Amino acid sequence: MFLCIWKAFEALLLSVNLIMDTNSRNWRWARKAQLLIASALLLLQDSLVNSAEASSVHIVYMGDKIYQNPQTTKMYHHKMLSSLLGSKEAAKNSILYSYKHGFSGFAARLTKYQAEAIAMSVIPNGIHKLHTTRSWDFMGVHHSTSKIAFSDSNLGEGTIIGVIDTGIWPESPSFNDEAMGQIPSRWKGICQGGKHFNSTNCNKKIIGARWFMKGISDQTKKLLQGNNSDEYLSARDAIGHGTHTASTAAGYFVGNANYRGLASGLARGGAPLAHLAIYKACWDFPIGDCTDADILKAFDKAIHDGVDVLTVSLGFAIPLFSYVDQRDSLAIGSFHATSKGITVVCSAGNSGPVSQTVTNTAPWIITVGATTIDRAFPAAITLGNNRTVWGQSIDMGKHNLGSVGLTYSERIAVDPSDNLAKDCQSGSLNATMAAGKIVLCFSVSDQQDIVSASLTVKEAGGVGLVYAQYHEDGLNQCGSFPCIKVDYEVGTQTLTYIRRSRFPTASLSFPKTVIGKWTSPRVASFSSRGPSSMSPTVLKPDIAAPGVDILAAFPPKGTTRSSGFAFLSGTSMSCPHVAGIAALIKSKHPTWSPAAIRSALVTTASQTGTDGSLISEEGSTHKAADPFDIGGGHVDPNKAMDPGLIYDITTEDYVQFLCSMGHSSASISKVTKTTTSCKKGKHQTLNLNLPSILVPNLKRVATVMRTVTNVGNITAVYKALLKVPYGIKVRVEPQTLSFNSDARILNFSVSFLSTQKFHGDYKFGSLTWTDGKYFVRTPIAVRTIQFE
């Protein structure tokens, strides 16, 4: 637009110059005009400069493809941008990505005014964060040796798992292609080269790798070019997050995997014979991790390349965007992927145990919470009075210090009047008094953690750290510095000894690996909880899986001591567990939809722990876990392979659900870019055919409809078993479902009647259909409100 005005002024100035040359009578008038036009050109030039400085990455989202040919779609995008900017060259310099496979749109550098001039959905380029061995045995997936891979038909063979993350470390033994089958003929991806990454880094395990960083700001590019970052301009992983998630989902068998001697055993992913496709869209930069433009391009290419499952361990913070708001790139990208038959698995977030913090809540996404497993790493603290207290650690530093001095951080504070020394904040400890001692610190601030505290103690000359804190799942690595995490009770006992002793001393033992002695699983303290703040009729998370102290492949980062494996915790770790299981299901049932796979996971999940009691949550209450903590329950891979019945959902069902949320046909069409006709119906928000039932606002009576498809024995009779929520009357019609070769799909209704006369909290129950062999469980949550 500015360029067109510029050229118009140039043409006008040329005309005035001609007048001055050919007509001396109008010279004075023409001279004034010449000065005015020249001034206008200078002002316009300033505007052009300023607009260039103010330009930023915007995403023009156009929904479904208009043209089937990707090149035609790309030409259409360039033509559209050329018309806006005034030339093909300007369009070429502005455009970053053309989304032309799974959906239509482009990312380009535009000024605010240029973005507003486009008469369609334009969104700024947002930035999003990552949700940062034994786990498979714990869940009952027993691939004891790699030899089994040759005979077992259910290891994900033939499926392709796409990983949108930070890249991959291809040299890890988890990604060798021993016994891998041929690359599927449908695969259309590439092995994109770059820094320390070329085609030889791909094999029959890593069959494709791409990287996307055009959405990152120019400032970050300069950071890279100036060698101020350890990042690689390629699919190679500098952080380790993507390597870890990829190997958790589909890593091959690696014997004697361990982290500095801890958790030693056979490492493998959930689908060891599945292929991996890597999409690096997240980067190790200070401004953030992943941008919308890069995420959408990763989805677009994954759809084009032919993946079966996508694992995406990243997300938004609260408050959430509407599902028809184009700023939710994960909802948009996953919608188009799901509509093409790709199962999308996302992490629930790490903002627990607070309720309503779950993210990635779109109903077409499988959202995963995190749980613990039955493995721990206890380390003994032997006090000078010969009493031993226990904590946990994963650091194999110089714990064998012998008996040395023990002190409390506030006793050696640089400034006793402030509170900084209590949790060992930087610079708060007196180096003379800390030298050669083990220091006890108490966590009192969200801004401090055990790693930062260990650095403070080390800098002050201390030789070890005992860090007391409120229970928080997951152990952090303090490098080679001995650090042990304890709860407040053990911390207080240790402090009591320090106060009573004239010369307190202690010794720290090496941590050891202990399996099967802890009740598990428990919902991780950090795992984000439901209900969904965006769509309370949709249960989120859908499912829970191991996400605490998970050992998986990790870049060695140039150290000779690294084993190539590391512990990480987060829903980022639970997400690829479920993605691997989804690949196993897809391998066994290749025609199943993403909704069918989700149904199999949810309806077969477990609600009991290793001790036979109900799974509990590691929050402030240690209560029994409910559906807002674990969805359907803890994932059971073996039962999910053969669920008996499934709840299926079509793309049109999702569209009608969006209609029921109050969105107009026009706003929904902006997401789907298909003609949307919203149907009128009562309780449509309740009737999306999910494997769960949520009634968030029960005034008196509500009826919910569901449809199940028989995928078990052809002839079967299922009976309804109800666990009724307190204060609610529930009726199922019919109470028996009879399937045969002519009746594979049957409907039923569930009616709820409130007996309460006041606002209530959520009450929980379940509906289980069983034929004696299968137990197909649907979680129920109901909340009553006052009568009107």
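The values are calculated or read from the model by the stated rules, or taken from the named source; none is laboratory data. Note that the structure is a prediction, hence the values are computed from the model and not measured. FYI the Cβ positions are ideal-geometry reconstructions off the backbone, even for glycines, and counts take in every protein chain you see. Quick note on the areas: whole protein, heavy atoms, side chains included, nothing else; ligands and nucleic acids left out. Shrake-Rupley method; radii C 1.70, N 1.55, O 1.52, S 1.80 Å.
Some observations on this one:
- Complete set of residues in region 494-530 that are in the same structural domain as ASN385 (by the TED database), surrounded by fewer than 16 Cβ atoms within 10 Å (Cβ to Cβ) and polar (S, T, N, Q): THR496, SER501
- Extreme residue, surrounded by the fewest Cβ atoms within 10 Å (Cβ to Cβ), among residues of region 258-281 that are at pLDDT below 90 and outside any strand (DSSP E or B): GLY261
- Those residues of region 150-180 which are closer than 27 Å to PRO521 by Cβ and either at pLDDT below 65 or part of a helix (DSSP H, G or I) (or both), in sequence order: ASP152, SER174
Yes/no per residue for (1) touching a strand residue (DSSP E or B) at 6+ places or on another chain (Cβ under 6 Å); (2) open to solvent by 10 Å² or more (accessible area, probe 1.4 Å); (3) in the same structural domain as TRP187 (by the TED database); (4) basic (Lys, Arg):
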| site | (1), (2), (3), (4) |
| --- | --- |
| ALA298 | yes, no, yes, no |
| ALA302 | yes, no, yes, no |
| SER313 | yes, no, yes, no |
| ILE318 | no, yes, yes, no |
| ASP325 | no, yes, yes, no |
| VAL345 | yes, no, yes, no |
| VAL358 | no, no, yes, no |
| THR361 | no, no, yes, no |
| ILE365 | yes, no, yes, no |
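- When ASP294, ASP284 are checked against the criterion of being acidic (Asp, Glu), closer than 24 Å to ALA250 by Cα, in a strand (DSSP E or B) and out of contact with any Cys (no Cβ under 6 Å at 6 or more places or on another chain), a single residue qualifies: ASP284.
- Selection count, region 360-383, where residues are of a type outside the set (D, E, K, R) and over 23 Å from ASP648 (Cα atoms): 12
- In region 725-750, the residues that are of a type in the set (Val, Ile, Thr) and open to solvent by 70 Å² or more (accessible area, probe 1.4 Å): ILE745
- Residue in region 634-654 that is out of contact with any helix residue (DSSP H, G or I) (no Cβ under 7 Å at 6 or more places or on another chain), over 30 Å from SER738 (Cβ atoms) and at pLDDT 95 or above present: yes
- Checklist (1) over 21 Å from ARG522 (Cβ atoms); (2) in contact with a Phe, Trp or Tyr (Cβ under 6 Å, 6 or more places away or on another chain) applied to ALA376, failing item: (1)
- Residues that are surrounded by fewer than 20 Cβ atoms within 10 Å (Cβ to Cβ), aliphatic (A, V, I, L, M) and in a loop (DSSP other than H, G, I, E, B) within region 639-693 comprise MET641, MET661, listed in sequence order.
- Filter result for THR707 (open to solvent by less than 60 Å² (accessible area, probe 1.4 Å) and assigned to a loop (DSSP other than H, G, I, E, B)): no
- Only strands (runs of 3 or more DSSP E) whose full extent lies in region 465-577 are considered here, and the ones with at least 1 residues that are at pLDDT 95 or above and more than 25 Å from ALA249 (Cβ to Cβ) are 483-486, 505-508.
- Every residue from region 304-324 that is touching a helix residue (DSSP H, G or I) at 6+ places or on another chain (Cβ under 8 Å) and among the charged types (D, E, K, R): ASP308
Condition check ((1) open to solvent by 30 Å² or more (accessible area, probe 1.4 Å); (2) among the hydrophobic types (A, V, I, L, M, F, W, C); (3) outside the structural domain of HIS244 (by the TED database); (4) closer than 22 Å to ASN689 by Cβ) across all residues:
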position: GLY580; (1), (2), (3), (4): no, no, no, no
position: THR603; (1), (2), (3), (4): no, no, no, yes
position: GLN607; (1), (2), (3), (4): yes, no, no, no
position: HIS622; (1), (2), (3), (4): yes, no, no, no
position: PRO637; (1), (2), (3), (4): no, no, yes, no
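- Test for PRO536: is it open to solvent by 10 Å² or more (accessible area, probe 1.4 Å) and assigned by the TED database to the domain that holds VAL345: yes
- Taking region 155-179 as the range and being of a type in the set (Gly, Ala, Ser) and in contact with a Lys or Arg (Cβ under 6 Å, 6 or more places away or on another chain) as the test, only GLY167 passes.
- Here the strands (runs of 3 or more DSSP E) wholly within region 716-781 that include at least 2 residues being out of contact with any helix residue (DSSP H, G or I) (no Cβ under 9 Å at 6 or more places or on another chain) and among the hydrophobic types (A, V, I, L, M, F, W, C) are 716-723, 728-733, 736-739, 745-754.
- Residue satisfying all of: in region 421-437; open to solvent by less than 50 Å² (accessible area, probe 1.4 Å) and closer than 14 Å to GLY491 by Cβ; modelled with the highest pLDDT among these: CYS424
- Residue tally, condition touching a strand residue (DSSP E or B) at 6+ places or on another chain (Cβ under 7 Å) and at pLDDT below 70, over region 224-257: 1
- Considering the conditions (1) modelled with pLDDT under 95; (2) in a loop (DSSP other than H, G, I, E, B); (3) under 27 Å from ALA566 (Cβ atoms), GLY462 is excluded by exactly one of them, (1).
- Filter result for LEU721 (within 30 Å of ALA640 (Cβ to Cβ) and buried (at least 20 other Cβ atoms within 10 Å of the Cβ)): no
Yes/no matrix, rows are residues, columns are (1) farther than 28 Å from ILE484 by Cβ; (2) touching a Leu at 6+ places or on another chain (Cβ under 6 Å); (3) among the aliphatic types (A, V, I, L, M):
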{"position": "CYS346", "(1), (2), (3)": "yes, no, no"}
{"position": "ASN350", "(1), (2), (3)": "no, no, no"}
{"position": "TYR408", "(1), (2), (3)": "no, yes, no"}
{"position": "LEU420", "(1), (2), (3)": "no, no, yes"}
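- Filtering region 367-379 to residues that are within 30 Å of PRO504 (Cβ to Cβ) and open to solvent by 10 Å² or more (accessible area, probe 1.4 Å) leaves only PRO378.
- Boolean, LEU440 is open to solvent by 60 Å² or more (accessible area, probe 1.4 Å), of a type in the set (A, V, I, L, M, F, W, C) and within 36 Å of the chain's Cα centre (by Cα): no
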